[in-house]
Amino acid sequence: MNSNWKRQRRSRGSSVLVYSAVSAYIEAVRELACELLDLLAEGLWVPDRSVFSRLIRDVDSDSIIRLNHYPPMPMLCQDKDSSPCNQNKVGFGEHSDPQILTILRSNDVGGLQISLNDGAWVPVTPDPATFCVNVGDLLQAMTNGRFVSVRHKALTNSSKSRLSMAYFAAPPPDARITVPPEMISPTKPALYKPFTWGEFKKAAFALRLGDSRLGLFRMECDEQVA
Ligand SMILES: O=C(O)CCC(=O)C(=O)O
Ligand SMILES: [Fe+2]
């Protein structure tokens, strides 16, 4: 057995291990996302409690996982008075996640911030043992605005690497994004036109990261149906 062959076998062995660890992780977080969506439907008094999770369980679901690495970025810049800039650099710009739900985990290095209604940015305490769950744009549309997709960004740390792992739960590309009829009434008319996830993704790609995409699908006042 030459050493090259042994090395190849070892490396194939470790890719199989990584593949099976990532697959098991994806399966577990998909299950978590489905359970959360079922509870959410129940809390909204929607009789069909799997109305949202069904989209993620579909074999053609477009869910993805993303691993983010933010290397340390020293605060080296200087302002006009030549005092050091006391600001962390942006690693991932302000945005909302376009999908249904995001299950996010990170190492113990902070950086994630969420935006409140008044525009203030609030840091999320990093904890490798907890998940951060983000409402995505599709959930906002499917709940007729009851749940609002959260704007967030990630800053780099000046001395440590931040790692995060995000599972984005999404429907199949041709799935129609509609609101359960129970959530529409004369006092709460439909806010968004029906669209497919494929159409939404296409629109999102044509915009910048921080742009609001749902605005493109908003009903005009005279179109709103109860
Ligand atoms: O790294 C983070 O904490 C945020 C990442 C993120 O927002 C994303 O991947 O969409
Ligand atoms: Fe995000």
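Treat each spin label as a single point 7 Å out from the Cα along the C-beta direction, and report the Lys160 to Ala21 distance in nm.
For Lys160 paired with Ala21, the spin-label model returns 2.0 nm.
I need the P(r) histogram for the chain: all alpha carbon pairs, bin width 10 Å from 0 out to the longest distance, whole percents.
7, 27, 31, 20, 11, 4, 1, 0
Arranged from highest to lowest average of other beta-carbon atoms within 10 Å per residue, in what order do the peptides 61-71, 191-201 appear?
191-201, 61-71
Give me the count of lysine pairs in the chain whose alpha carbons sit under 24 angstrom apart, restricted to pairs 8 or more positions apart or on different chains.
Close lysine pairs under the 24 Å cut-off: 7.
For region 78-175, what does the alpha-carbon gyration tensor say about shape, rounded, prolate or oblate, given a ≥ b ≥ c as the root eigenvalues, a/c under 1.5 as rounded, and a/b over b/c as prolate?
Taking the square roots of the gyration eigenvalues as a ≥ b ≥ c, region 78-175 is prolate.
At 222 nm, what helix-only mean residue ellipticity would the chain give, in deg cm²/dmol to the nearest 500, using -39500 (n - 2.57) for each DSSP H run of four or more?
-9000 deg cm²/dmol
With 10 angstrom as the radius, rank Leu44, Leu17, Leu214 by how many other C-beta atoms surround their C-beta, starting from the fewest.
Going from sparsest to densest Cβ surroundings: Leu17, Leu44, Leu214.
Tell me the net charge near Leu67. Cut-off is 13 Å between Cβ atoms, Leu67 excluded, with +1 for each Lys or Arg and -1 for each Asp or Glu.
Counting the neighbours of Leu67, the net charge comes to +3.
Between Val148 and Glu182, what length in nm is gained on full extension when 0.36 nm per residue of separation is reduced by their alpha carbon distance?
10.4 nm
Which one, Gly111, Val179, Pro194, is farthest towards the positive end of the dipole of region 99-226 when Lys and Arg carry +1 and Asp and Glu -1 on their Cβ?
Positive-most Cα among the choices belongs to Gly111.
In debye, nearest 20: dipole of region 33-162 around its Cα centre with unit charges on the Cβ of K, R (+) and D, E (-)?
320 debye
Against the longest alpha carbon principal axis of the chain, how many degrees, from 0 to 90 and to the nearest 10, is the axis of helix 3-43 turned?
The helix 3-43 is inclined about 30 degrees to the chain.
Between Rg and the Kirkwood Rh of region 118-226, both from Cα atoms, what is the Rg to Rh ratio?
Radius of gyration over Kirkwood radius for region 118-226 works out to 1.03.
Just how far, in whole angstrom, is region 120-181 from region 1-80 if you go by their alpha carbon centroids?
13 Å
Computed from the coordinates by the stated procedures, all read-outs in this text should not be read as laboratory data. Please read all numbers here as calculations on a predicted model, not as lab measurements. Cβ: placed from backbone, ideal geometry, glycine included. Neighbour counts: every protein chain shown.
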